[in-house]
């Protein structure tokens, strides 16, 4: 009886979280389309680029990566609710996407060497873990 109630509660929480993430994805897609529309209509091209400036690109790409992260989170939640297991590969992929998102907006001039080394270590760790798990899938 208690386990049945917990399972129902878990599904309600999952449904709520997925609804929030889907709503977030819709808002981010609208934001992405708006940003591209503004860049094309405004045509303020000071950096020699055709449609979108580097500054606007740094605003648009993180939105794109946010959408990818949210989609991966929904996939991770689904697998957990169905199989009650978490795919480590998905978690590493979410981490890599998040780091990629951060790197686009990151200003390397305002940081010290230790911060850059820490970021490099994080990227190498996530990529190495992803490689090792993916390598085992092919064996």
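Under the condition of being touching a residue at least 60 places away in the same chain (Cβ under 8 Å) and surrounded by 12 or more Cβ atoms within 10 Å (Cβ to Cβ), which residue from the stretch 1-17 is farthest from residue 70 (Cα to Cα)?
Per the criteria, the residue is 10.
In the stretch 77-94, which residues are surrounded by fewer than 17 Cβ atoms within 10 Å (Cβ to Cβ) and more than 20 Å from residue 128 (Cα to Cα)?
78, 79, 80, 81, 82, 83, 84, 85, listed by residue number.
Does the stretch 104-116 contain any residue that is under 25 Å from residue 29 (Cβ atoms), free of Cβ contacts under 8 Å to residues at least 60 places away in the same chain and part of a helix (DSSP H, G or I)?
The answer is yes; a qualifying residue exists.
Looking at the structure I just gave you, is residue 32 part of a helix (DSSP H, G or I), modelled with pLDDT under 85 and at negative phi?
No; evaluated as a whole, the condition is false for this residue.
Quick one: residue 73 ticks every box in (1) over 12 Å from the mean Cα position of the chain (by Cα); (2) surrounded by 11 or more Cβ atoms within 10 Å (Cβ to Cβ) except a single one, so which number is it?
Single failed check for residue 73: (1).
The values are calculated or read from the model by the stated rules, or taken from the named source; none is laboratory data. Since we're looking at a predicted model, the values are computed, not measured. As a convention, Cβ positions derive from the backbone with ideal geometry for all residues, glycine included, and neighbour counts pool all protein chains shown.
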